[in-house]
Amino acid sequence: GLESGIQALGLNCALTIAGGVKCWGYNGEGQVGDGTTTYRSTPVDVSGLTSGVQAIATGRTHNCALTTGGGAKCWGANGNGALGDGTYTNRLIPVDVSGLTSGVQSIAAGTGHTCAVTATGGVKCWGWNSAGQLGDVTSDPYSLTPIDVNGLSSGVQSVAVGFGHTCALTMDGKV
C-alpha cells in the first residue's frame, strides 16, 4: 500500500508502507527516477529505493528521499544544482547529496533548491540562490553542494521550501 503522497506539476510520488518510493507522471528530466525520461501513467519503483526510505520531498522538477539511515538522495532536474551532487547534470536515478549520506533529520524540495535539517538541528541548503533562499551571506546564484544556513546551525525542527524563499521552524516555536 501507499503510505503518503506528494504531487508537483504533473508528477506524483508516494512512500510505500515498506519504505519504498514509487513515482508516476511527467518525466522529462528524469524525476520519476526509473532511469528513463518516459512518461509514466502508473506508479513505478524509483531505482534503488524500493525500501529503506523514511520520507520523500518533491520539488518542481526534482525529488529527494530521506533514507532510514539519515542519508539524502535526489534525482531529476539539476540545472540549478538542486540535487546537491556537485554537478548541473540531470540524474535519472537517485544520487547521494554531497556530504549528507547520514545525519539528516528531514528534507524539503522547492522549485530549484533543496534544504535539509541535520540531526543536530542545523539547516543546510543547496541549488538555486537567486533571492538568497539558501540563507548564506554570499550573492552566489547557485550552490552545487549543501551549505550552512547563516544563523541556523542548531535549534531547528523543520524547514519548508518554496519558489524563492525558505522558512524554518525552531524548537522554541519561532519561524
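The values are calculated or read from the model by the stated rules, or taken from the named source; none is laboratory data. Computed from a predicted model, the values in this text were never measured in an experiment. Cβ: placed from backbone, ideal geometry, glycine included. Neighbour counts: every protein chain shown. Accessible surface is based on the protein model in full, side chains and every heavy atom, while ligands, DNA and RNA are left aside. Shrake-Rupley method; radii C 1.70, N 1.55, O 1.52, S 1.80 Å.
Numerical summary
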{"quantity": "Test set (1) open to solvent by less than 50 Å² (accessible area, probe 1.4 Å); (2) assigned to a loop (DSSP other than H, G, I, E, B) - V137 fails condition number", "calculated": "(1)"}
{"quantity": "Test for R91: is it without any contact (Cβ under 8 Å) to a residue 24 or more places away in the chain, in contact with a Phe, Trp or Tyr (Cβ under 6 Å, 6 or more places away or on another chain) and not polar (S, T, N, Q)", "calculated": "no"}
{"quantity": "From T101, T89, T61, T68, residue being at pLDDT below 95 and over 9 Å from the mean Cα position of the chain (by Cα)", "calculated": "T61"}
{"quantity": "Qualifying residue in segment 36-47 (condition: touching a Gly at 6+ places or on another chain (Cβ under 6 Å) and under 22 Å from K124 (Cα atoms))", "calculated": "no"}
{"quantity": "Matching residues, segment 4-32, being of a type outside the set (S, T, Y), part of a strand (DSSP E or B) and modelled with pLDDT of 90 or more", "calculated": "C13, A14, L15, V21, K22, C23, W24, G25"}
{"quantity": "Positions within segment 113-134 being among the hydroxyl-bearing types (S, T, Y) and part of a loop (DSSP other than H, G, I, E, B), in sequence order", "calculated": "T120, S130"}
